[in-house]
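S.K.: Quick one: the structure is below, questions incoming.
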């Protein structure tokens, strides 16, 4: 099903949802930086650039409480955070590279352990994707088999049209249900042409060849060559729409505190540091190898998917210019 | 007004770096050269460590060569081969960090071969790597530069470059913050730190963050909350600012790499200003054994004791 929605009606739609008590998460400015976050009015929406952090935080927050504890003498009270308390949400203005990562994450969060924190937010969230009309040379969704108008992960998908307004494609039952809440705001499909699609910086990479090389090259001088410059921060993993490692810590005192889950990154030396003191990934090249292996081999082995959507964020923010697109392209030409 | 800065000398500098690196490696004078190489994105650069003379042609210099490579000389970077003398490409701002590291007994001057770059400036992190260098796109640290031709190095390409012109962006911003009430200033930093995701990019690129185990990574005992929440974020940024006071060489790498755009160098510049006012101390180009915060002198200002 395809519809048309004007810019004004789109704003009205968002405002109506907010007024109805729904949480609307959209790209907005926070202290000068574009980030996805809850908005209180549609005028806060800022679609000028790709948000600095990905949309994964709508389902998998930077940090969240999972339980709290209180100890009084011999009395210990532990109370779990209930995923039932999570609000119905709409995630708006999601770029295809971010939306496509959501179903990729479904696989790991609903695997042997069903992560209710992720899955309940996922169940309660409708995703409105937005086609890209501009890209830079760090963008490489097309190299990973996606595109600037890929519907993967979106319930509704908007494509900006010449002369204003959006073509609105209904991609799921959730999307249909959202339209049914305000059918008067949607019109019959427009004849207007879509604005020209963005052109990312790289053509298709043969991911099968990448996988094949990785299958055979756990040990390779390439890892040293790439990672000698890596300074071991977590920036790439934290801005990534698909990286999903987390740490669990207790914070507080002996008497009371909280158990918290927060993002972790395989680039940190401490990520694999054992209690014994031994560290199987004792040098940075071993850690960087894990980043590539997890994205293009392990996740494929386990779930048949690639753990990268080509958003280019890690390339833009890497302090030392490590370019995952260039690395993967290089690997594809090795086998 | 947007004024172009002449960087035509950078191609001559590139040639000079290449031939000097090739000479050093083939003569066996150094075991490795740390420099910059072009990367895939248009105009982009990345650090590179080369050990063979044949690779010298990969070295280059451009306005995108902004990294302070001194971080690769510290014990925090164990992946860089350490055997005999190492050559490193340094801008004047990077040299200050090397002087600091020598002062702190982390490096020996005789283990280094310094290839100094006469520098007209490098690009701000907000500019794309293929941007033209202008008085707008130039990095803020360049406007603090007092001596853009490195002194006391082992080799400098024989070129003349203009020195960066323009008034300090930090001075203006520090003045603005100083005029705020404590509550307003607290609100400013609270909002900035709320974006922090504890990726520690600021720590990992800092030449002076070479602690074997950072206080913020310790868990026996846990000194600082590790989660990216207000208390842990504030604690980390205060630990960072205070630990660098009197040591920070002003390369601005922390601020450049912050993926959340937190103006971290503002804290460092403010600390430097305090050190100047209280102890008449500045981090310079000469290795100094002890900074004012790890030495005691009877003439030290005691007025803070009330």
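The values are calculated or read from the model by the stated rules, or taken from the named source; none is laboratory data. What you are looking at is a predicted structure, and each value in this text was computed from that prediction instead of being measured. In this analysis, Cβ positions are derived from the backbone assuming ideal geometry, glycine residues included, and neighbour counts consider all displayed protein chains.
S.K.: Going by the structure shown, is residue B:82 more than 18 Å from the chain's Cα centre (by Cα), part of a loop (DSSP other than H, G, I, E, B) and surrounded by 23 or more Cβ atoms within 10 Å (Cβ to Cβ)?
M.R.: Details: more than 18 Å from the chain's Cα centre (by Cα): yes; part of a loop (DSSP other than H, G, I, E, B): yes; surrounded by 23 or more Cβ atoms within 10 Å (Cβ to Cβ): no.
Considered against the rule, which asks whether it is more than 18 Å from the chain's Cα centre (by Cα), part of a loop (DSSP other than H, G, I, E, B) and surrounded by 23 or more Cβ atoms within 10 Å (Cβ to Cβ), residue B:82 comes out as no.
S.K.: Please indicate, with yes or no, whether at least one residue in region A:174-181 is in contact (Cβ under 8 Å) with a residue 12 or more places away in the chain, crowded, with 20+ Cβ neighbours inside 10 Å and either within 14 Å of chain B (Cβ to nearest Cβ) or in contact with a helix residue (DSSP H, G or I) (Cβ under 8 Å, 6 or more places away or on another chain) (or both).
M.R.: So far as region A:174-181 goes, no, none of its residues is in contact (Cβ under 8 Å) with a residue 12 or more places away in the chain, crowded, with 20+ Cβ neighbours inside 10 Å and either within 14 Å of chain B (Cβ to nearest Cβ) or in contact with a helix residue (DSSP H, G or I) (Cβ under 8 Å, 6 or more places away or on another chain) (or both).
S.K.: I'd like to verify a number: residues in region A:104-126 that are closer than 15 Å to residue A:175 by Cβ and touching a residue at least 60 places away in the same chain (Cβ under 8 Å), how many?
M.R.: Number satisfying all stated conditions: 2.
S.K.: For residues that are more than 12 Å from chain B (Cβ to nearest Cβ), surrounded by fewer than 20 Cβ atoms within 10 Å (Cβ to Cβ) and part of a helix (DSSP H, G or I), tally how many sit in region A:280-292.
M.R.: Number of matching residues: 1.
S.K.: Condition first: part of a helix (DSSP H, G or I) and under 15 Å from the mean Cα position of the chain (by Cα). Now tell me which residues in region B:216-245 satisfy that.
M.R.: Filtering region B:216-245 for residues part of a helix (DSSP H, G or I) gives B:216-217, B:230-244.
Residues satisfying the conditions are B:240, B:241, B:244.
S.K.: Quick check: is even one residue across region B:236-244 over 22 Å from residue B:186 (Cβ atoms) and free of Cβ contacts under 8 Å to residues at least 60 places away in the same chain? Walk me through it before giving the result.
M.R.: Within region B:236-244, the subset over 22 Å from residue B:186 (Cβ atoms) is none.
No, the conditions are met nowhere in region B:236-244.
S.K.: Quick check on my filter: what residues within region A:293-335 are surrounded by fewer than 20 Cβ atoms within 10 Å (Cβ to Cβ) and in a loop (DSSP other than H, G, I, E, B)?
M.R.: Passing the criteria: A:304, A:305, A:333, A:334, A:335.
S.K.: Okay, next question. Given the conditions (1) closer than 30 Å to residue A:253 by Cβ; (2) touching a strand residue (DSSP E or B) at 6+ places or on another chain (Cβ under 9 Å), and given that residue A:94 satisfies all but one, which numbered condition is not satisfied?
M.R.: Tallying (1) closer than 30 Å to residue A:253 by Cβ; (2) touching a strand residue (DSSP E or B) at 6+ places or on another chain (Cβ under 9 Å), residue A:94 fails exactly one: (1).
S.K.: OK, next. Looking only at residues that are in a loop (DSSP other than H, G, I, E, B) and within 14 Å of another protein chain (Cβ to nearest Cβ) in region B:260-282, which one is surrounded by the most Cβ atoms within 10 Å (Cβ to Cβ)? Don't jump to the end; show me each part of the working.
M.R.: At the first step, the residues of region B:260-282 found to be in a loop (DSSP other than H, G, I, E, B) are B:260-263, B:280-282.
Next, from what is left, pick out any that are within 14 Å of another protein chain (Cβ to nearest Cβ): B:260-263.
Numbers: B:260: 26, B:261: 17, B:262: 24, B:263: 21.
Going through the qualifying residues, I end up with B:260.
S.K.: If you don't mind, another one. Kindly provide the set of residues from region B:34-51 that are touching a strand residue (DSSP E or B) at 6+ places or on another chain (Cβ under 6 Å), part of a loop (DSSP other than H, G, I, E, B) and more than 7 Å from every other protein chain (Cβ to nearest Cβ), ordered by number.
M.R.: Answer for region B:34-51, where residues must be touching a strand residue (DSSP E or B) at 6+ places or on another chain (Cβ under 6 Å), part of a loop (DSSP other than H, G, I, E, B) and more than 7 Å from every other protein chain (Cβ to nearest Cβ): just B:51.
S.K.: Checking residue B:213 against (1) within 12 Å of chain A (Cβ to nearest Cβ); (2) in a loop (DSSP other than H, G, I, E, B); (3) surrounded by 13 or more Cβ atoms within 10 Å (Cβ to Cβ); (4) free of Cβ contacts under 8 Å to residues at least 24 places away in the same chain, which single condition isn't satisfied?
M.R.: If we test residue B:213 against (1) within 12 Å of chain A (Cβ to nearest Cβ); (2) in a loop (DSSP other than H, G, I, E, B); (3) surrounded by 13 or more Cβ atoms within 10 Å (Cβ to Cβ); (4) free of Cβ contacts under 8 Å to residues at least 24 places away in the same chain, just (3) comes out false.
S.K.: Another one. For residue A:273, only one of the following conditions fails: (1) in contact with a strand residue (DSSP E or B) (Cβ under 7 Å, 6 or more places away or on another chain); (2) within 14 Å of chain B (Cβ to nearest Cβ). What is its number?
M.R.: (1)
S.K.: OK, next. Look at residue B:121 and say whether it is within 22 Å of the chain's Cα centre (by Cα), more than 14 Å from chain A (Cβ to nearest Cβ), in a loop (DSSP other than H, G, I, E, B) and within 26 Å of residue A:230 (Cα to Cα). Please lay out each step first, then the result.
M.R.: Details: within 22 Å of the chain's Cα centre (by Cα): yes; more than 14 Å from chain A (Cβ to nearest Cβ): yes; in a loop (DSSP other than H, G, I, E, B): yes; within 26 Å of residue A:230 (Cα to Cα): yes.
When the stated conditions are applied, residue B:121 passes them.
Quick grid of which residues meet (1) out of contact with any helix residue (DSSP H, G or I) (no Cβ under 7 Å at 6 or more places or on another chain); (2) over 18 Å from residue A:270 (Cβ atoms); (3) at pLDDT below 95; (4) surrounded by fewer than 20 Cβ atoms within 10 Å (Cβ to Cβ):
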residue: B:197; (1), (2), (3), (4): no, no, no, no
residue: B:201; (1), (2), (3), (4): no, no, no, no
residue: B:226; (1), (2), (3), (4): no, no, yes, no
residue: B:232; (1), (2), (3), (4): yes, no, yes, no
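S.K.: Which condition number in (1) assigned to a loop (DSSP other than H, G, I, E, B); (2) farther than 27 Å from residue B:205 by Cβ; (3) touching a residue at least 12 places away in the same chain (Cβ under 8 Å) is the one that residue A:232 fails?
M.R.: Against the list (1) assigned to a loop (DSSP other than H, G, I, E, B); (2) farther than 27 Å from residue B:205 by Cβ; (3) touching a residue at least 12 places away in the same chain (Cβ under 8 Å), residue A:232 comes up short only on (2).
S.K.: How about region A:200-221: which of its residues are under 25 Å from residue A:138 (Cβ atoms) and within 14 Å of chain B (Cβ to nearest Cβ)?
M.R.: Answer for region A:200-221, where residues must be under 25 Å from residue A:138 (Cβ atoms) and within 14 Å of chain B (Cβ to nearest Cβ): A:200, A:201, A:202, A:203, A:205.
S.K.: For residue B:257, state whether it is under 28 Å from residue B:95 (Cβ atoms) and within 11 Å of chain A (Cβ to nearest Cβ). Give the steps one after another, and end with the answer.
M.R.: Details: under 28 Å from residue B:95 (Cβ atoms): yes; within 11 Å of chain A (Cβ to nearest Cβ): yes.
Answer is yes for this residue.
S.K.: So residue B:84 ticks every box in (1) at pLDDT below 95; (2) closer than 23 Å to residue B:289 by Cβ; (3) more than 14 Å from chain A (Cβ to nearest Cβ) but one. Which box is left unticked?
M.R.: (2)
S.K.: So the check is Cβ under 7 Å with 6+ separation or different chains; which pairs have a first residue in region A:19-37 that's closer than 25 Å to residue B:188 by Cβ and a second one that's surrounded by fewer than 17 Cβ atoms within 10 Å (Cβ to Cβ) and modelled with pLDDT under 95?
M.R.: Qualifying pairs under 7 Å: A:31/B:191; A:34/A:49.
S.K.: What residue, among those in region B:52-81 that are farther than 13 Å from residue B:30 by Cβ and at pLDDT below 95, is farthest from the other protein chains (Cβ to nearest Cβ)?
M.R.: By that ranking, first place goes to B:75.
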